[in-house]
Amino acid sequence: MGIVIALAGLAVGSFLNVCIDRLPARQSLLMPRSHCDACKTPLATRDLVPIASYVLLRGRCRHCSTAIPLRIPLVEAGAALAFFAWWWRLGESWQTAIAVAITCLLIVGTVIGIEHRLPLSRTRRTRHGS
Ligand SMILES: [Zn+2]
């Protein structure tokens, strides 16, 4: 059962990466389908397997060899770990579902914050500063 939970976490982690890439740009989460950011080639199903595809491709696009951000497999692994850990701690319950949902939101928010260098607090910076 734990393996199924972790695999579900991988799949959700894959979706979290889509959210991280597209939410700040206000793009649709559903369309277009996943593609290489560099060469725009749509990804084949075999290139969409969480973590495994990254390892098999050695972290590079199949078509243009541009490096795939290490963040992609890290978020997938992190989500899988979160799913497993919460299930391990709370079992099959609504508490687990809520904990997992909150953790996913935190992952998306944290990674977007890091990648866009958002300050944790706005109070230390003035709006009119350079
Ligand atoms: Zn490419």
*Boolean, residue 117 is among the basic types (Lys, Arg), in a loop (DSSP other than H, G, I, E, B) and in contact with an Asp or Glu (Cβ under 8 Å, 6 or more places away or on another chain)*: no
*Got a number for residues in segment 1-47 being of a type in the set (Ser, Thr, Tyr) and surrounded by 13 or more Cβ atoms within 10 Å (Cβ to Cβ)?*
3
*Restricting attention to segment 2-45, which residues are of a type outside the set (S, T, N, Q), without any contact (Cβ under 8 Å) to a residue 24 or more places away in the chain and more than 20 Å from residue 64 (Cα to Cα)?*
3, 4, 15, 18, 22, 25, 26, 29, 30, 31
*For segment 9-28, indicate whether the set of residues that are more than 30 Å from residue 91 (Cα to Cα), touching a Lys or Arg at 6+ places or on another chain (Cβ under 9 Å) and either away from the ligand (no atom under 15 Å from the Cβ) or modelled with pLDDT of 95 or more (or both) is non-empty.*
yes
*Out of segment 48-77, which residues are surrounded by 17 or more Cβ atoms within 10 Å (Cβ to Cβ), outside any helix (DSSP H, G or I) and more than 10 Å from the ligand (Cβ to nearest atom)?*
50
*If we scan segment 103-113, do we find a residue that is in contact with a Phe, Trp or Tyr (Cβ under 8 Å, 6 or more places away or on another chain) and not polar (S, T, N, Q)?*
no
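The values are calculated or read from the model by the stated rules, or taken from the named source; none is laboratory data. Not measured: the values here are computed from a predicted model. Positions of Cβ are generated from backbone atoms using ideal geometry, with glycine treated the same way; all protein chains shown enter the neighbour counts.
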